[in-house]
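Take a look at the structure set out below.
The values are calculated or read from the model by the stated rules, or taken from the named source; none is laboratory data. Keep in mind the model is a prediction, meaning the values are calculated, not measured. Cβ: placed from backbone, ideal geometry, glycine included. Neighbour counts: every protein chain shown.
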Amino acid sequence: MQTYGIFIMVVLAMGGVGWVFVYPLLSGERNAERRKASVAGSAPMAPRQTRAAQRSRREQVEGTLKQIEARKRPSKRAPLSVRIAQAGLTWSTRRFYITAGALGVVVFAVTEVAGLGLLPALGLAFAAGGGLPFWILALLKKRRESRFLQGFPDAVDVIVRGIKAGLPLLDSLKLIANEAEEPVRGEFRAIIETQTIGIPIGDACLKLYERMPVPEANFFGIVVFIQQRAGGNLSEALGNLSRVLRDRKKMKAKIQAMSMEAKASASIIGALPIAVMTLVWITSPQYISLLWTEPLGRMMLASCVVWMSIGIFVMRKMINFDF
């Protein structure tokens, strides 16, 4: 019985070995497994190629951004001629300085005729000739930038629709330069003129930020410059830019609405001392005239002006948001 049992076990063992090693060769399972392995190994080739293409495009975009950063000049105050152009004026620097000097002389003469003294006349003349023209220039520049931001998203939308309709980018820019409102029309006309003299259109769009120093103009120039260097779907990129510009516009309006109460409070608090002083001077001039007739009163008045200026400056910094 033991001999029969051992014989059966040996036969079963040999049959198991044959089933494991011989049957796959005879049935073709080994070939099927090889075919599956070859198909599975060749399938990731397309994603790998796509990944390589994406990596190459990313490297191109990074290289283009490095070129843009290298072209940027160090942050410093723009020259007076550039600020005059940014304000939308056609004046020369000479005309600006002559106007500022004439304004200072007129204020000095009026102050001397009024009999306020030499030192107040010099102070007011310096403020009128050296401060007021630059303040007006900054105000005109800010107002022009605000008008530009109002129409710039619509101009980008027109460019996107023109590119989708089959127009070249240059023709879409010419459409804006002919049909848009100022100052958008003038800035795009400057892009066309810059491109006409031989500068690539990507570089011409980058120069928009020099004439209109707002982040939105910088975004537009970078998008066009990268597309010209690295390729890609320009209509899709500009469409995304248009959405970003509109979102920034909505955010700015929301911030202005939320800070309007604080601005009104700051205006009331800042104007209250001046209003009270004017009313007291109208009703009791002898009572309040001590502030500018006595040395101690003048010192107190100067201290009040300094502290009020510091308070207004602090409140302005608290309610002005940058985003």
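Of everything in segment 158-176, what is surrounded by fewer than 16 Cβ atoms within 10 Å (Cβ to Cβ) and in a helix (DSSP H, G or I)? Give them in sequence order.
Across segment 158-176, the qualifying residues are ARG161, LYS164, LEU170, ASP171.
Check whether at least one residue in segment 298-315 is among the basic types (Lys, Arg) and not assigned by TED's automatic domain parsing to the domain that holds LEU149, and report yes or no.
yes
Quick check on segment 126-137. Is at least one of its residues aliphatic (A, V, I, L, M) and closer than 19 Å to PRO215 by Cβ?
Looking through segment 126-137, none of the residues is aliphatic (A, V, I, L, M) and closer than 19 Å to PRO215 by Cβ.
From the residues in segment 106-154 that are outside any helix (DSSP H, G or I) and loosely packed, with under 13 Cβ neighbours inside 10 Å, which one is nearest to the chain's Cα centre (by Cα)?
Only one residue fits best here, namely GLY131.
Going by the structure shown, is ILE255 over 30 Å from VAL156 (Cβ atoms) and surrounded by 11 or more Cβ atoms within 10 Å (Cβ to Cβ)?
Against the criterion (over 30 Å from VAL156 (Cβ atoms) and surrounded by 11 or more Cβ atoms within 10 Å (Cβ to Cβ)), ILE255 does not qualify.
So, GLY232, is that one within 30 Å of CYS205 (Cα to Cα), at pLDDT 85 or above and surrounded by 12 or more Cβ atoms within 10 Å (Cβ to Cβ) or not?
No; evaluated as a whole, the condition is false for this residue.
Residues in segment 136-154: is at least one aromatic (Phe, Trp, Tyr) and within 26 Å of CYS205 (Cβ to Cβ)?
Checked against the condition, which is being aromatic (Phe, Trp, Tyr) and within 26 Å of CYS205 (Cβ to Cβ), segment 136-154 yields at least one hit.
How many of the residues making up segment 209-225 are without any contact (Cβ under 8 Å) to a residue 12 or more places away in the chain and crowded, with 21+ Cβ neighbours inside 10 Å?
Count: 0.
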